[in-house]
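Take a look at the structure below.
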Amino acid sequence: MEMELSSNFMKKLNQLKSLKIRSKFIFGEDLRSYIGELKQLNSLNISDCINIGNRGVNVIRELDKLTELHIDNCCIGEKGAKKIGAMQQLRTLSINGCGLGKKGVASVCKLKDMTKLGIRKNHISDSLALEISQMTKLTELDAGVNDIGPEGAKSISQMTNLKTLLLDFNDIGKEGVKYISGMKQLISLNISENDIRDKGVKSISEMKNLTCLSVRSNSIGDEGAKYISEMSNLTQLDISCNVLTQKGIKLLQESLNKLTSNIVK
């Protein structure tokens, strides 16, 4: 009864432009009773509705004015990703932790006009990173918590329109970070948990346009702190869970006078 009242209420909001729903009690085609009449929607966040499945995606793809979709942790798999890949009007897509598989990622990569993509926790390998790199209009990419190595980093480094890049919890290492350091246009980079060490930080220090940097848990010591201290445009820095001494921490605090947010523990 409660679900019926909720869905009836939603039908009355037929001019709604933006909607966020979170419920594990919406199953597949049931989603139609909630959003089927909302033809004016251009932004939908349905993350963590873990039971919508393929049938739920069928309902979503009928929303032809939708340009922004957040569908994280919904386990839609390859079939669901294929249907979303046909929604050519999408410009922003967050599809983290959806079990896409190789074919699913390939389907998402067909959205060539996309500008923002979140695709964390989808077992993306170097070969799939190559496919993502063909999405040349992307300005923001979150590909954290995947299986991207140096070759994948090389592919991603060719994406010249990117301004924000998250590659945390991958395996790009010192070699991969050399490729990423060539992305001089980046203003925000999260490369935490990639074992880049001091040598990798030296490469990153060449990225003079960066204002936001996260290098958490990378075995960085005082030598790496010295390189980062030269990045004068930084306003946000997370260098926590590394091996800095008080000397390195003090150097950063004294050198980076533009910081508005920093985590150095």
I need the calculated FRET efficiency for the pair Ser219 and Leu259, taking r as the beta carbon distance and R₀ as 22 Å, to the nearest 0.05.
0.50
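Using the 2.2 N^0.38 Å rule of thumb for compact globular proteins, work out how the chain stacks up: its C-alpha Rg over that value, please.
In units of the globular-protein estimate, the chain measures up at 1.13.
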Going through the cross-link list Lys20/Lys184; Lys20/Lys121; Lys82/Lys174; Lys174/Lys208; Lys121/Lys250, which pairs have a Cα-Cα distance over 30 Å in this structure?
Lys20/Lys184; Lys82/Lys174; Lys121/Lys250
Listed peptides 95-108, 48-61 by packing density, highest first (mean Cβ within 10 Å)
95-108, 48-61
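Please compute the length gained on full extension between Arg55 and Lys39, using 0.36 nm multiplied by the number of residues separating them and subtracting their Cα-Cα distance.
4.0 nm
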Calculate the FRET efficiency for Lys137 and Val243 from the Cβ-Cβ distance with a Förster distance of 30 Å, rounded to the nearest 0.05.
0.15
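Since every read-out is calculated from the coordinates, none of them should be taken as a lab result. Every value quoted in this text rests on a predicted model; they were computed, and no experiment measured them. With ideal geometry, Cβ positions are generated from the backbone for all residues, glycine too; neighbour counts draw on all protein chains shown.
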